[in-house]
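Structure first, commentary second.
The values are calculated or read from the model by the stated rules, or taken from the named source; none is laboratory data. No experiment lies behind these values; they were computed from the predicted model shown. Because the Cβ atoms are built from the backbone with ideal geometry, glycine has one as well, and the counts that use them run over all protein chains shown.
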């Protein structure tokens, strides 16, 4: 490290254990630590592998001389020089100002120590117009420049960014390709430009940053958001490479995703602890017709077991899974979600886990219905009737109502009204 004012070294340090990969970029950052101390990092790691090795006292609390900041390259070797044929540095120098963001010097000047020996060639935007502002190339294939040669000037350069879509409209939740092209204001393509992609309807880009190729073009992938009505999703691409300034946007028409109606049998299953039951799901479209080939995913409680957590409905829109209940009683909810692109749907299935009765019941005959309102004593008589029907004693051949009246304590009750014509004695 040296001061720009005097060109005198402040500190000279070596990190002998740092492995260097030819062609890779290395990010050097000098950060204010405390008082007059500053810390140097390389690709986010402490220089020398420890904070003590990376922290230096520069006897300064602020760095403000932005106009005097320069960029230099130094090749260190033992006996055989390892000079690359051509090495590109996408950004030679940038400084972060407190509260002012990143600062790119408006011009870059060559600076050589003048110690003799082989000199690398170097070129910037003024020597090779395809280079970005602040970008330099060096190596044996680049022409030598005299000390003090200007490599770039003028600060940030405006560019034109265009956004388009190979296909539209797109059904919501369907992936969409986004084509971006970066050119100069005169239409010449600019390669190697990093772009940040975003949209206004909260879709998602699996890779939000893309870079242009040799033709100045790049392609991104947008997972389109779900919408309930025809909508326009505004997609914006912004240049993030230092020295370039530009962005572009275009609206992507989205049509609503298709609703899938899900039904299940049984609709509210009851199952004993640790027992199994089958659940048969069917998917239908908005018209009620079976909707085949729909991907469903299933979620249930942690203690439950499903024979499968996802599956695709068959030609009839049907998919059956097995549900294994937890070992303790509980009321659970199994959720079925539609995962097919361009479709949406959801079903919550309540499941009761508990003791399941395997009892029986008599058909609701008029006699039994009337007995049901006689209270506890009549209930006991009904139990006796049932037990007789199971074979211990046959009932007399008479209506049940008359039998009950005649066998009650105290003998038969007098009829409430005289028998009508045609009635049996």
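Answer yes or no as to whether residue 118 is under 12 Å from residue 152 (Cα atoms), part of a loop (DSSP other than H, G, I, E, B) and either modelled with pLDDT under 80 or assigned by TED's automatic domain parsing to the domain that holds residue 33 (or both).
It is false that residue 118 is under 12 Å from residue 152 (Cα atoms), part of a loop (DSSP other than H, G, I, E, B) and either modelled with pLDDT under 80 or assigned by TED's automatic domain parsing to the domain that holds residue 33 (or both).
Among the residues of segment 292-320, count how many are over 14 Å from residue 351 (Cα atoms) and either touching a helix residue (DSSP H, G or I) at 6+ places or on another chain (Cβ under 6 Å) or assigned to a strand (DSSP E or B) (or both).
The number of residues fulfilling the criteria is 9.
Would you check which residues across segment 142-156 are surrounded by fewer than 17 Cβ atoms within 10 Å (Cβ to Cβ), part of a strand (DSSP E or B) and under 42 Å from the mean Cα position of the chain (by Cα) and list them?
Within segment 142-156, none qualify.
If we keep just the residues of segment 191-201 that are modelled with pLDDT of 90 or more and assigned to a loop (DSSP other than H, G, I, E, B), which is nearest to residue 136 (Cα to Cα)?
That would be 200.
Quick check on segment 40-48. Is at least one of its residues in contact with a strand residue (DSSP E or B) (Cβ under 8 Å, 6 or more places away or on another chain), at pLDDT 75 or above, surrounded by 12 or more Cβ atoms within 10 Å (Cβ to Cβ) and assigned to a loop (DSSP other than H, G, I, E, B)?
No, there is no match, as no residue in segment 40-48 is in contact with a strand residue (DSSP E or B) (Cβ under 8 Å, 6 or more places away or on another chain), at pLDDT 75 or above, surrounded by 12 or more Cβ atoms within 10 Å (Cβ to Cβ) and assigned to a loop (DSSP other than H, G, I, E, B).
Please go through segment 274-291 and give me each residue that is assigned to a loop (DSSP other than H, G, I, E, B) and surrounded by 15 or more Cβ atoms within 10 Å (Cβ to Cβ), ordered by number.
Passing the criteria: 285, 291.
I want to confirm something. Restricting to segment 163-179 and keeping residues that are over 23 Å from the mean Cα position of the chain (by Cα) and assigned to a strand (DSSP E or B), which single residue is surrounded by the most Cβ atoms within 10 Å (Cβ to Cβ)?
163
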